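**Student:** Just dropping this structure here.
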Amino acid sequence: MAEQKRYPAKPKKAYFFATCLVDLLYPEAGLAGMQLIRREGVEVIFPQDQTCCGQPAWNSGYRDEAREVALRQLACFTDNYPIVVPSGSCAGMMRHHYPEMFRERADQASIEAFSSRVYELTEFLVHVLKIELKDLGKPIKVALHTSCSARREMGVADEHEALLKQLSKVELMTQARKEECCGFGGTFAVKQPAISAEMVSDKANAIADTGADLLVSGDCGCLMNIGGHLDYRDAAIEHRHIASFIWERTHATEG
Amino acid sequence: MQQRVDFHSRIEQALGNPQLKASLRSAMDGLMANRKACFPDADALEALRLRGAQIRANALSKLPQLLLQLEQRCTQNGIRVHWAESVDEANGIVLGIMREHQAELLIKGKSMVSEEMDLNRFLEAQGIECLESDLGEYILQLAGEPPSHIVAPAIHKTRQDIARLFKEKFPDIPYSDDVDTLTRNARGILRKKFYAASAGLSGVNFAVAESGTLCLVENEGNGRMCTTVPPVHIAVTGIEKVVEKLAHVPPLLKLLTRSATGQHITTYFNMISGPRRTGEKDGPKEVHLVLLDNGRSRIYEDNELVNTLRCIRCGACMNHCPIYTRIGGHAYGTTIPGPIGSILEPQKAGLDNLGELPVASTLCGACAEVCPVRIPIPTLLNRLRYERIRSDHDGATHGQGSGRTRKEAAIWKAWSWLHRSPVRYRLALTLATRLRKILPLGLGPWTRVRKPPRIAAKNLHRRAREEGFNDR
Ligand code: SF4
């Protein structure tokens with residue numbers, strides 16, 4: 001689904017867009033993403049004026065409200081550096097939906113230029129930084145849940161896996177129907193709680209069946225959903241953002 | 001039929017039925033695997049889907065002109081063409097044809113448009129018997145239920161359900177839950193009826209404008225019987241089913257059968273180009289084509305929503321939909337369920353009636369990923385969510401703005417007010433962080449099956465500053 005993307009050479013500087021969920025609930029994941037980039041010799045810029053990509057309102061039909069917020073983000077990342085986002089969902093919003101959102105505007109070209117600078121974190125690590133990871137952790141079994149937007153909108157499911165496969169002591173477990181949505185869907189989980197509960201419980205079962213010790217995901221929405229459900233069940237499966245996990249396993253000597 | 005029954009209670013009912021869940025899961029897993037096996041080469045599949053999308057988009061771009069051409073060519077071929085703006089008109093046309101021939105029995109092949117018309121009930125009220133001859137549809141007719149899937153209408157029923165139903169309806173036939181025996185029994189009952197019926201009805205998969213050909217895809221041979229054995233054949237279809245050229249049929253057919261059931265080709269593919277000609281020994285004496293609008297031309301008016309009409313009714317979007325797989329087709333309460341139903345039906349019945357359907361999606365995109373004609377279903381769901389709450393009255397969709405509540409609008413206004421100002425946003429972050437021990441995060445339905453998330457002791461804005469990441 002994602003178009004064939006061309007990746008630039010390693011830049012001197014890169015912007016980081018936290019996403020509001022990471023900002024408030026999973027800051028360590030954002031920090032880990034920034035540290036991974038910095039370790040590769042790229043200066044990371046975190047504009048303090050950033051807030052949210054606007055997706056919650058956009059997906060609820062409140063388009064004007066979403067636009068007002070999106071415009072603020074456009075104003076934060078004006079220099080011609082890549083914009084790295086630790087979420088397939090928010091990256092998908094900024095890369096694919098911003099041009100659609102401002103379709104009728106005179107400065108459409110500059111919005112498209114902005115969007116073409118947006119990268120999801122794992123694709124940035126793999127294709128732009130060509131990162132090589134040295135695993136310093138203990139052997140562990142890990143299940144990966146790739147969000148629907150990371151998989152289908154951004155087309156970065158392979159990049160998530162490629163990074164985990166670089167970690168020599170990590171055994172990547174594959175759950176049944178790994179492509180299926182976990183049932184988060186933003187406000188869907190609240191508007192259709194019964195269907196969402198069914199979906200997340202099926203997802204948790206599939207993950208538990210693999211015998212994994214840990215669940216990782218590149219999207220905090222899914223983590224909050226599946227992880228929250230695993231905790232509710234008192235399942236002995238931890239959950240972490242893929243950036244935190246990679247940073248924790250690779251930074252001890254270099255960090 | 002569309003009706004405003006409580007969507008939520010139907011969902012609860014479906015989710016509370018473990019047998020339904022198991023049947024749907026295994027049926028959908030099977031259909032997905034079959035489709036996948038049919039498309040081993042991803043690049044070839046993408047090229048074919050692109051071709052399919054182009055063919056359908058091309059046909060829609062010239063729809064009025066192609067429909068006139070279709071009418072002209074069909075008429076030349078001896079097919080009588082009827083235009084129906086509404087379901088009532090279409091039913092009236094079919095009734096008129098039946099009356100003209102003093103016909104008392106209509107034997108039907110599978111047709112979703114006839115479901116849309118609620119034709120069986122209409123004709124039966126007029127004293128005309130309708131008999132479904134597609135096995136799945138026949139089972140549902142016996143059970144008095146509507147289809148729950150557009151390709152496999154009785155997919156929600158188990159073999160045992162069907163065996164019990166047959167025993168109840170035909171006590172003389174010994175009970176069996178063997179699929180072959182059940183099929184043989186049904187065939188025996190139906191076969192006689194084909195000879196007794198004075199008219200046969202079918203749908204249309206593609207109506208070819210340049211040649212006036214009606215294409216019909218099927219697996220049981222009942223479609224061929226319905227369209228050739230009785231003296232009168234009535235084809236009913238939506239106006240969007242037209243394609244420009246015969247050469248456009250093979251790619252669409254390839255996409256349709258593979259996407260629907262994972263077959264390289266179906267057992268039967270019928271190309272109907274007119275009634276029996278002089279000297280021919282078989283075929284109907286009359287062929288009628290009923291072209292139904294029923295809201296389609298209104299959908300056609302909108303540049304973006306028109307893509308809804310590309311659909312070739314393969315059912316792949318429902319087979320791959322995690323929601324459909326959980327709740328089944330009946331929960332939607334519409335003729336067409338699943339992702340395509342959630343964009344098509346609210347546009348026809350109005351967002352005031354079916355506005356909840358576009359909201360009941362995670363926008364996961366599994367549907368658009370498999371749709372053989374690349375309908376951007378999530379984008380259209382999003383568009384309808386907007387139409388549902390927009391407060392101006394500029395659009396053309398029925399029931400526009402009907403889902404807007406003052407409370408929700410106020411929440412999003414406040415959300416925007418907060419997130420469009422970095423100062424206010426940072427203030428709110430700090431506040432939330434300070435109050436994190438007492439803030440009621442994720443109250444309500446979220447925490448029914450989940451532990452609430454925890455607000456971090458320091459937000460990323462602060463940590464970025466502390467760790468020396470520059471602001472610009
Ligand atoms: S929307 Fe696409 S996938 Fe769904 S039934 Fe129509 S053609 Fe098939």
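So that you can scan it fast, the table gives a plain yes or no per residue for (1) more than 10 Å from every other protein chain (Cβ to nearest Cβ); (2) hydrophobic (A, V, I, L, M, F, W, C); (3) free of Cβ contacts under 8 Å to residues at least 40 places away in the same chain; (4) surrounded by fewer than 24 Cβ atoms within 10 Å (Cβ to Cβ):
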position	(1), (2), (3), (4)
A:Val22	no, yes, no, no
A:Leu25	no, yes, no, yes
A:Met34	no, yes, yes, no
A:Ala70	no, yes, yes, no
A:Asp79	no, no, no, yes
A:Val85	yes, yes, no, no
A:Ala91	yes, yes, no, no
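**Student:** Check whether at least one residue in the stretch A:177-200 is within 20 Å of the chain's Cα centre (by Cα), away from every other protein chain (no Cβ under 12 Å) and not hydrophobic (A, V, I, L, M, F, W, C), and report yes or no.
**Tutor:** Yes, some residue in the stretch A:177-200 is within 20 Å of the chain's Cα centre (by Cα), away from every other protein chain (no Cβ under 12 Å) and not hydrophobic (A, V, I, L, M, F, W, C).
**Student:** For the stretch B:373-389, check the following and say yes or no: at least one residue is within 14 Å of the ligand (Cβ to nearest atom), surrounded by fewer than 24 Cβ atoms within 10 Å (Cβ to Cβ) and farther than 27 Å from A:Lys178 by Cβ.
**Tutor:** no
**Student:** Here's something else I'd like to know. Taking A:Val44 and the conditions (1) within 9 Å of chain B (Cβ to nearest Cβ); (2) part of a helix (DSSP H, G or I); (3) over 30 Å from B:Thr405 (Cβ atoms), which numbered condition does it fall short on, given that it satisfies the others?
**Tutor:** Result: A:Val44 fails condition (2) only.
**Student:** What tally of residues in the stretch B:397-423 results from selecting those that are open to solvent by 70 Å² or more (accessible area, probe 1.4 Å) and within 11 Å of chain A (Cβ to nearest Cβ)?
**Tutor:** 6
**Student:** Of the residues that make up the stretch A:231-241, is at least one without any contact (Cβ under 8 Å) to a residue 12 or more places away in the chain and buried (at least 17 other Cβ atoms within 10 Å of the Cβ)?
**Tutor:** The answer is yes; a qualifying residue exists.
**Student:** Residue check: is B:His248 at pLDDT 95 or above, open to solvent by less than 10 Å² (accessible area, probe 1.4 Å) and over 18 Å from the mean Cα position of the chain (by Cα)?
**Tutor:** Considered against the rule, which asks whether it is at pLDDT 95 or above, open to solvent by less than 10 Å² (accessible area, probe 1.4 Å) and over 18 Å from the mean Cα position of the chain (by Cα), B:His248 comes out as no.
**Student:** Okay, moving on. What number of residues within the stretch B:343-365 are of a type in the set (Gly, Ala, Ser), within 13 Å of another protein chain (Cβ to nearest Cβ) and either farther than 27 Å from B:Ser23 by Cα or within 10 Å of the ligand (Cβ to nearest atom) (or both)?
**Tutor:** The qualifying residues number 1.
**Student:** I need the full set of residues from the stretch B:440-458 which are open to solvent by 70 Å² or more (accessible area, probe 1.4 Å) and over 20 Å from A:Phe188 (Cα atoms), in order please.
**Tutor:** Scanning the stretch B:440-458 gives B:Arg454, B:Lys458.
**Student:** To continue, here is another question. Checking the condition touching a His at 6+ places or on another chain (Cβ under 8 Å) and farther than 21 Å from B:Arg258 by Cα, which residue from B:Gly200, B:Gly188 passes?
**Tutor:** B:Gly200
**Student:** Being loosely packed, with under 15 Cβ neighbours inside 10 Å, part of a loop (DSSP other than H, G, I, E, B) and within 7 Å of another protein chain (Cβ to nearest Cβ) is the filter here, so list the residues in the stretch B:459-472 that pass it.
**Tutor:** Answer for the stretch B:459-472, where residues must be loosely packed, with under 15 Cβ neighbours inside 10 Å, part of a loop (DSSP other than H, G, I, E, B) and within 7 Å of another protein chain (Cβ to nearest Cβ): B:Glu467, B:Asp471, B:Arg472.
Yes/no per residue for (1) open to solvent by 40 Å² or more (accessible area, probe 1.4 Å); (2) part of a helix (DSSP H, G or I); (3) more than 20 Å from B:Leu182 (Cβ to Cβ):
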residue: B:Leu106; (1), (2), (3): no, no, yes
residue: B:Lys110; (1), (2), (3): yes, no, no
residue: B:Val113; (1), (2), (3): no, yes, yes
residue: B:Phe122; (1), (2), (3): yes, yes, yes
residue: B:Gly127; (1), (2), (3): yes, no, yes
residue: B:Leu131; (1), (2), (3): no, no, no
residue: B:Gly136; (1), (2), (3): no, yes, no
residue: B:Leu140; (1), (2), (3): no, yes, no
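**Student:** Moving to a separate point now. Could you list, in sequence order, all residues of the stretch A:227-253 that are assigned to a helix (DSSP H, G or I) and within 9 Å of chain B (Cβ to nearest Cβ)?
**Tutor:** The answer is A:Gly227, A:Gly228, A:His229, A:Leu230, A:Asp231, A:Tyr232.
**Student:** Please enumerate the residues belonging to the stretch A:108-124 that are open to solvent by less than 60 Å² (accessible area, probe 1.4 Å) and either acidic (Asp, Glu) or not assigned by TED's automatic domain parsing to the domain that holds A:Arg67 (or both).
**Tutor:** A:Glu120, A:Glu123
**Student:** Report whether or not B:Ala260 is more than 14 Å from chain A (Cβ to nearest Cβ), at pLDDT 95 or above and more than 16 Å from the ligand (Cβ to nearest atom).
**Tutor:** For B:Ala260, the condition - more than 14 Å from chain A (Cβ to nearest Cβ), at pLDDT 95 or above and more than 16 Å from the ligand (Cβ to nearest atom) - is not met.
**Student:** Working carefully through the options B:Ser259, B:Ser273, find the one that is farther than 25 Å from B:Glu145 by Cβ, of a type in the set (S, T, N, Q), touching a residue at least 40 places away in the same chain (Cβ under 8 Å) and open to solvent by 40 Å² or more (accessible area, probe 1.4 Å).
**Tutor:** Among B:Ser259, B:Ser273, only B:Ser273 is farther than 25 Å from B:Glu145 by Cβ, of a type in the set (S, T, N, Q), touching a residue at least 40 places away in the same chain (Cβ under 8 Å) and open to solvent by 40 Å² or more (accessible area, probe 1.4 Å).
**Student:** Also, quick follow-up: Among the numbered criteria (1) away from the ligand (no atom under 16 Å from the Cβ); (2) within 14 Å of another protein chain (Cβ to nearest Cβ); (3) open to solvent by 10 Å² or more (accessible area, probe 1.4 Å); (4) in contact with a helix residue (DSSP H, G or I) (Cβ under 6 Å, 6 or more places away or on another chain), which single criterion is violated by B:Asn294?
**Tutor:** Result: B:Asn294 passes all but (2).
**Student:** Among residues belonging to the stretch B:159-187 that are loosely packed, with under 15 Cβ neighbours inside 10 Å and polar (S, T, N, Q), point out the one that is farthest from the ligand (Cβ to nearest atom).
**Tutor:** Looking at the filtered set, the residue picked out is B:Gln160.
**Student:** Another one. Just a yes or no: is a residue in the stretch A:202-217 at positive phi and either outside the structural domain of A:Ile37 (by TED's automatic domain parsing) or open to solvent by less than 20 Å² (accessible area, probe 1.4 Å) (or both)?
**Tutor:** Yes: one or more hits.
**Student:** Let me ask something else. Counting only residues that are closer than 21 Å to B:Val306 by Cβ and in contact with a Gly (Cβ under 8 Å, 6 or more places away or on another chain), which one in the stretch B:325-340 is surrounded by the most Cβ atoms within 10 Å (Cβ to Cβ)?
**Tutor:** In this case the residue turns out to be B:Gly338.
**Student:** Condition first: within 16 Å of the ligand (Cβ to nearest atom) and open to solvent by less than 10 Å² (accessible area, probe 1.4 Å). Can you find one or more residues in the stretch B:220-237 that meet it?
**Tutor:** Checked against the condition, which is being within 16 Å of the ligand (Cβ to nearest atom) and open to solvent by less than 10 Å² (accessible area, probe 1.4 Å), the stretch B:220-237 yields at least one hit.
**Student:** Here's something else I'd like to know. Take B:Asn205 and tell me if it is within 16 Å of the ligand (Cβ to nearest atom), of a type in the set (S, T, N, Q) and away from chain A (no Cβ under 14 Å).
**Tutor:** Here the answer is yes, as B:Asn205 does meet what is asked.
**Student:** Go through B:Ile327, B:Ile312, B:Ile340 for me and flag whichever is near the ligand (Cβ under 8 Å from one of its atoms) and within 23 Å of A:Ser60 (Cα to Cα).
**Tutor:** Being near the ligand (Cβ under 8 Å from one of its atoms) and within 23 Å of A:Ser60 (Cα to Cα) holds for just one of B:Ile327, B:Ile312, B:Ile340, which is B:Ile340.
The values are calculated or read from the model by the stated rules, or taken from the named source; none is laboratory data. Note that the structure is a prediction, hence the values are computed from the model and not measured. Note that we place each Cβ from the backbone using ideal geometry, even for glycine, and neighbour counts take in every protein chain shown. Just the protein is used for accessible areas: all its heavy atoms, side chains included, with ligands, DNA and RNA removed. Shrake-Rupley method; radii C 1.70, N 1.55, O 1.52, S 1.80 Å.
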